[in-house]
Amino acid sequence: GVLASGTILALGVSVELSTLWILPTRDKRQQALDLLHSVQGPTQAEPHCLACRVYEEHGSDESILFFECWDSKEGLERHIRSDMYHRVLEAMELSQVPPDLKFYHVAQTRGMSLVEALRSGVPEPAGN
């Protein structure tokens, strides 16, 4: 996809990110995953959605991270107002601790050039 290749971020286009971290009880974990997975495919098919992912922690912290990336604020806002987003809200209700929902507007991204510049002591060129 566009996000996986980094193309959209490398072009300097701003993106909107949404992250949701929940920690459902063990008996509600599969229900939460099912809700978020049911949203994933349809969300990825929406205009302006660059990525929609569900990540799972295993071990002592069995948290779930729901991640979305949009190329427009309007696309993200339309998605949040949609009937489908109700499933995300339902998944939040299954968390045994307060869910951590955050929205980010990312205007600049940096990749390996930053790591190379910092590790080599050579300043990174302006605009990267």
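The values are calculated or read from the model by the stated rules, or taken from the named source; none is laboratory data. As the structure is a computational prediction, the values presented were derived from the model and not from experiment. Positions of Cβ are backbone-derived with ideal geometry, glycine not excepted, and every protein chain shown enters the neighbour counts. Protein only, heavy atoms only, side chains kept; ligands, DNA and RNA dropped before computing areas. Shrake-Rupley method; radii C 1.70, N 1.55, O 1.52, S 1.80 Å.
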Exercise. Just give me the residues in the range 42-60 being in contact with a strand residue (DSSP E or B) (Cβ under 8 Å, 6 or more places away or on another chain) and farther than 19 Å from Val15 by Cα, in sequence order.
Key: Tyr55, Glu56, Glu57
Quiz item: In the list Tyr85, Tyr55, Tyr104, which residue meets the criterion of being in contact (Cβ under 8 Å) with a residue 40 or more places away in the chain and open to solvent by 80 Å² or more (accessible area, probe 1.4 Å)?
Solution: Tyr104
